[in-house]
Amino acid sequence: MSASIDDTVLCRLAGELWAVFAPWRGPWGGGGAAAAYLARRSFRSGAGLRWRHQGRDRDERDENVEALGRLERRGLLTRRVEKTKVIATRLLDAGIERACGLAGAPCWLAGRAVYERLAACNDEAATMVHLGTRWTAEWALAGTPARWAGCGGDETGRANRRLLSALEERAIPALVRGWLISGADLDGRVWYSITSAGRAVLTEAPAEGPQGIDADEDCALAWREGAHAMQIRLAAAPRSEREIGLLPLPAHGAPIVGHDVGPRGDVPTAGGRNYAATAHLATGANVGGDMAATGAAESRPGRPSTRPRSTAT
């Protein structure tokens, strides 16, 4: 049985949201970092993400807009409308959970597990304090070797990168809800920090995840399409003259394994090709984190890639 248009629209919006909040690993020189920051701020403020009229023709676009109205009446999202035109949408927690269940993506319970482990981490070698914020390295949470070691091009390195990819997937639900924040250095190595909102949630009993929702391939494809489209929009965004955007964290004395400096001297490369467009491991927007996917169908929520990366993260 094919998914309803309401569910596919919902999952596409969730895929876009996941791409916005996935840890930004670079590049830092274009407009993508500012675009990601502004999109996150818009979602946090309640304004939501800009609505794109998805559809091949006017009839399909009208159907999608009607689906937004039904989803709003069900309490799954809110819309911002100006002069009868939908400007932006914002998924609510109920909508996010339903979309995760339909697409087979990690739900908020996975995010809670990540920040619970982050709160319990006491490995001083894996932490640093920057501008008053305590950051914990992703390798300490994923269970990979210390200081991103063992992330070369062999099978062991690929297995370690799969663990980092799986961690990122589980962390995004907490990043969306504001329980965690993420940062990365110029080499794309990610760090996480728990927020005051996350500490407050730690004192609450965990709620149950989505019940009675079966994953649907059409919904998973819609999720991938949304994430892929958002990834492209962020990467192609022009530099904002008024906004710097996300800033890299300082390096933390960890050598990069399998990292080549490109001709421009600031981007990871491999095989003579520029892979700077690759920003994320697990948004469903790319295949293996080493090259942007040519199509949304090449990536899948909930399945970390097995392809090698040019950059150890």
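Observations on the structure shown:
- Amide hydrogen neighbours beyond the local backbone of LEU92, cut-off 5 Å, H modeled: LEU77, THR78
- Modelled label positions at ASP214 and ARG44, each set 7 Å beyond Cα in the direction of Cβ, lie 4.0 nm from each other.
- In this simple spin-label approximation, ILE5 and ARG199 carry label points 7 Å from Cα along the Cα→Cβ vector, and these lie 4.8 nm apart.
- ARG56-ALA119 FRET efficiency (beta carbon distance; Förster radius 30 Å; 0.05 resolution): 0.05
- Distant-in-sequence amide contacts of ASP185, defined by a placed amide H-H separation under 5 Å and a gap of 5 or more residues or a different chain, comprise LEU249.
- Per-residue 3J(HN,Hα) values for segment 18-34, derived from phi via the Karplus relation 6.51 cos²θ - 1.76 cosθ + 1.60 with θ = phi - 60°, read 4, 5, 5, 9, 4, x, 7, 9, x, x, 9, x, x, x, x, 5, 5 Hz in sequence order (x marks Gly and Pro).
- Separation of segment 1-66 and segment 136-187, taken as the distance between their Cα centroids, equals 24 angstrom.
- The protection proxy used here, the mean number of other Cβ atoms lying within 10 Å of each residue, ranks peptides 13-24, 110-121, 215-226, 192-203 as follows, highest first: 13-24, 215-226, 110-121, 192-203.
- Fully extended contour minus Cα-Cα distance, from GLU155 to ARG134, at 0.36 nm per residue: 4.3 nm
Throughout, read-outs are computed from the coordinates displayed, never taken from laboratory work. Note that the coordinates shown come from a computational prediction; the quantities given were computed from them, not determined experimentally. For neighbour counting, all protein chains shown are included, and Cβ atoms are generated from backbone atoms with ideal geometry for every residue, glycine included.
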